[in-house]
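The values are calculated or read from the model by the stated rules, or taken from the named source; none is laboratory data. Only a predicted model underlies this, so the values are computations on that prediction, with no experimental measurement involved. Here the Cβ positions follow ideal geometry from the backbone for every residue, glycine too, while neighbour counts run over all protein chains shown.
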Amino acid sequence: MGSLGQIQTLHLRNNKFSGEVTSSLKRCTKLTMIDLGGNRFTGKVPVWIGAHLTSLIVLSQRFKEFKGSIPRHICHLNQIQVLDFSH
């Protein structure tokens with residue numbers, strides 16, 4: 001996934017993916033939209049999302065099994081218009 005440096009949108013909703021979200025996505029710095037909802041990702045909300053994907057406009061992570069708090073680095077998403085951590 002990290003080799004897709006020019007990718008702008010990533011829709012992975014409802015695929016029953018599990019485990020932690022791969023950190024290789026942090027190399028996809030042109031992403032403006034990520035939809036990871038409806039999967040079984042675990043662990044904490046990745047800090048690198050706010051630190052590396054600062055062009056995000058939409059971030060949807062609903063129906064997750066994430067634990068812990070939302071990292072402060074999410075505040076670095078200056079372009080964000082939709083931030084969905086529901087359910």
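In table form, for the structure just shown:
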read-out: Some residue of the stretch 46-58 being aromatic (Phe, Trp, Tyr) and at pLDDT below 90; value: no
read-out: Matching residues in the stretch 50-79 - criterion: being among the β-branched types (Val, Ile, Thr) and either under 21 Å from residue 4 (Cα atoms) or touching a Ser or Thr at 6+ places or on another chain (Cβ under 7 Å) (or both); value: 54, 57, 58
read-out: Residue within the stretch 69-82 that is touching a Gly at 6+ places or on another chain (Cβ under 9 Å) and among the polar types (S, T, N, Q) present; value: no
read-out: Residues located in the stretch 39-87, provided they are among the hydroxyl-bearing types (Ser, Thr, Tyr) and under 22 Å from residue 8 (Cβ atoms); value: 54, 55, 60
